[in-house]
Amino acid sequence: MRKVLFLALCSLMVFSCEEGKKTKDLPGVSQKDSLQRIIDQKDNEINDMMGLLNDIEEGFRIISEAENKIVLNKEGEGSDRASNIRESMNFIQQKMSDNRELIAKLQQKMRESTVKGEQLKKTIENLVVQLEEKEKVLAALRLELESKDIKIAEQDQAISSLSTDVSSLKSENERQDQTISQQDKQLNTAWYVFGTKKELKEQNIIAGGKVLQANFNKSYFTKIDIRVDKVIKLYSKSAKILTTHPSGSYTLQRDASNQYVLRVSDPQLFWSTSKYLVVQVK
């Protein structure tokens, strides 16, 4: 589990570091300051999630130790044996409840976070599975202890409640997957348009010498997935990009027909300043 947590957090840290490197290529002090604030926010979110992951991992470690203690006490003798077992069972139940709440809190953090890591999502899913497995172990222990006349009556309701809570966590994971998928799609959606100056003016894309400042016709744009659509053919021997996009994130070159083709080499950086691309052609 520690290895999985380490990989999940490293993937998030690399993402944050890459964002930091990209800011060096962006023009303007204010723009750098703005992106730096975004990086700081991501770092804070990552640190919060790291703390929760560590607490959950520690909780599972303590639960495993308590389970081993029960196994030893089962085979022992003496008047304190049953009392020690009940105490350990109650302790496990409480720690499982604590971990359930921590996992739910981590799910909430993940849902609200600007950092979307696939490895972290899988880690949370694994934590829910691990909690479910621990619940099964606890139920089996309870049945075995009852067969030896060690009744843990006070846990009946709590165990039933935990089973319901684990099911809720699994459902939450499914809902979160859908939410993340939708958010991921939105984050990676952009729009582009190319046309003559006259055409762009007719759609209010250019108005008063300014670009995208008026109530322009959004339906005139083509919707794309920036992760997939990295090459845009402009079908013109003259092309001028009117929107602002960081240099070094793209090339504008001619093809075999001497017509311009826009190639986006760094989609995240290219679309970081605007999700709309306007190109004037002739």
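The values are calculated or read from the model by the stated rules, or taken from the named source; none is laboratory data. As the structure is a computational prediction, the values presented were derived from the model and not from experiment. Neighbour counts are summed over all protein chains in view; Cβ atoms, including those assigned to glycine, are modelled from backbone coordinates with ideal geometry. These area figures cover heavy atoms from the full protein model, side chains too; ligands, DNA and RNA do not enter into them. Shrake-Rupley method; radii C 1.70, N 1.55, O 1.52, S 1.80 Å.
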- Apply 1/(1 + (r/R0)^6) to the Cβ-Cβ distance of GLU133 and LYS233, taking R0 = 51 Å, and write down the FRET efficiency to the nearest 0.05. 0.45
- Note on the structure: Along region 55-70, Karplus-curve 3J(HN,Hα) (6.51, -1.76, 1.60; θ = phi - 60°) to the nearest Hz, with x for Gly and Pro, reads 5, 5, 4, 5, x, 5, 5, 5, 4, 4, 5, 5, 5, 5, 5, 5
- Message: Here is the link list: LYS185/LYS223; LYS210/LYS240; LYS197/LYS230; LYS69/LYS105; LYS109/LYS136; LYS210/LYS275. Which ones come out longer than 22 Å on Cα distance?
- Response: LYS197/LYS230; LYS69/LYS105; LYS109/LYS136
- Would you pull out the residues with amide H under 5 Å of SER236's amide H, same chain only if 5 or more places away, H placed 1.01 Å from N? TYR260
- Task: May I ask for the distance between the Cα centers of region 207-223 and region 236-282, given as a whole number of Å?
- Result: 17 Å
- What ³J(HN,Hα) values, in whole Hz, does the Karplus curve 6.51 cos²θ - 1.76 cosθ + 1.60 give for region 262-272 when θ = phi - 60°, with x put for Gly and Pro? 9, 10, 8, 8, 10, x, 4, 6, 4, 8, 5
- Keeping the other protein chains in place, figure out the carbon and sulfur percent of the accessible area of region 233-282, with a 1.4 Å probe. 43 percent
